[in-house]
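Undergrad: Got a structure for you, written out below as structure tokens; questions coming shortly.
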Amino acid sequence: MRADTKVAGGGGWPMPVEPGIGARLSYALHHLLAANFLYRGLGGAVERRPRLYRWFTRVERAGKERLYGCRMCGQCALPATGYTCPMNCPKQLRNGPCGGVAADGMCEVYPRLKCVWVTAFERAEAAGHGGDMDLLQRPVDHREWGRSSWVNYWRGRDDELWTGAGDGRARPALHPRTEPGVR
């Protein structure tokens, strides 16, 4: 199911997408790609070469679209949402479900599909990252649409994408928490 599928009647709302790989594997892959000195340099090198940047972004888009239904907002929330893309919410809510999610967890706009946020909560909890769901995500900067979120991450541009939940934390954890508030 593609993330850019339109509703009948001409609406352009995204559709909830069930991620193609498990949350635990996604967290493990993220750990391997965590920002460090090497990746910061790689991101800078990619950015300085427009053709390479376009190629890199296309590869990122292809992989993340297939695995997560990524819409390439350029400010990836996957690490804080159980590797479920919140931009696939028809209302593009980045901080939890709307008031219309059904009691059985189905989407208000697409009643045959599970709410993106129900999927996110289930995946985060199952992977031991339920505490990440407490992070408040800042609004999307629409100037970043279509840009590489990996380059932005490695270059430190998304350091302020989340605000802490009163526990001093402002980033999702790369490892599961054993108790609330413990990294």
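Read-outs throughout are calculated quantities, based only on the coordinates presented, and are distinct from any laboratory measurement. This one's a predicted model, so the numbers in the text were calculated from it and none came from an experiment. Every residue, glycine as well, gets a Cβ built from its backbone with ideal geometry; the counts of neighbours run over all protein chains shown.
Undergrad: How long is the gain from ASN36 to ARG48 if the chain were fully straight, where each residue apart is worth 0.36 nm and the alpha carbon distance is subtracted?
TA: 2.5 nm
Undergrad: If you keep only loop residues by DSSP, which chymotrypsin sites (Phe, Trp or Tyr not before Pro) in segment 77-170 have at most 15 other Cβ atoms within 10 Å of their Cβ?
TA: In loop regions of segment 77-170 (DSSP not H, G, I, E or B), the sparsely surrounded chymotrypsin sites (Phe, Trp or Tyr not before Pro) are TRP145.
Undergrad: Then there's this: Using a basic spin-label model with each label point 7 Å from the Cα along Cα→Cβ, how many nm lie between ASP134 and TRP55?
TA: Taking the simple label geometry, ASP134 and TRP55 are separated by 4.5 nm.
Undergrad: Quick one: 3J(HN,Hα) in Hz for segment 42-55, Karplus 6.51/-1.76/1.60 with θ = phi - 60°, rounded, Gly and Pro as x.
TA: So the Karplus estimates, Gly and Pro as x, are 4, x, x, 5, 5, 5, 6, 10, x, 5, 5, 4, 4, 4 Hz.
Undergrad: Mind checking the full-extension length gain between TYR110 and GLN92? Use 0.36 nm per residue of separation minus the Cα-Cα distance, one decimal, nm.
TA: The TYR110-GLN92 span can extend by a further 5.1 nm.
Undergrad: May I pose another question? Taking H as built 1.01 Å from N, whose amide H comes closer than 5 Å to the amide H of LEU136, not counting residues under 5 places away?
TA: Residues meeting the amide H criterion: THR163.
Undergrad: For segment 23-156, compute Rg over Rh where Rg is the Cα radius of gyration and Rh is the Kirkwood radius from the inverse mean 1/r over Cα pairs.
TA: 0.99
Undergrad: Here's something else I'd like to know. Find the relative contact order for segment 23-156 and round it to a whole percent, using C-alpha pairs within less than 8 Å whose residues are 6+ positions apart.
TA: Contact order relative to length: 35 percent.
Undergrad: Here's another thing I want to ask about it. Mind listing the long-range amide H neighbours of MET106? Cut-off is under 5 Å, sequence gap 5 or more, other chains count too, H placed in the peptide plane at 1.01 Å from N.
TA: Under 5 Å from the amide H of MET106: CYS115.
Undergrad: Can I ask one more? Sequence-distant or interchain residues sharing an amide H contact under 5 Å with CYS70, placed H: which?
TA: Hits under the 5 Å cutoff: GLU65.
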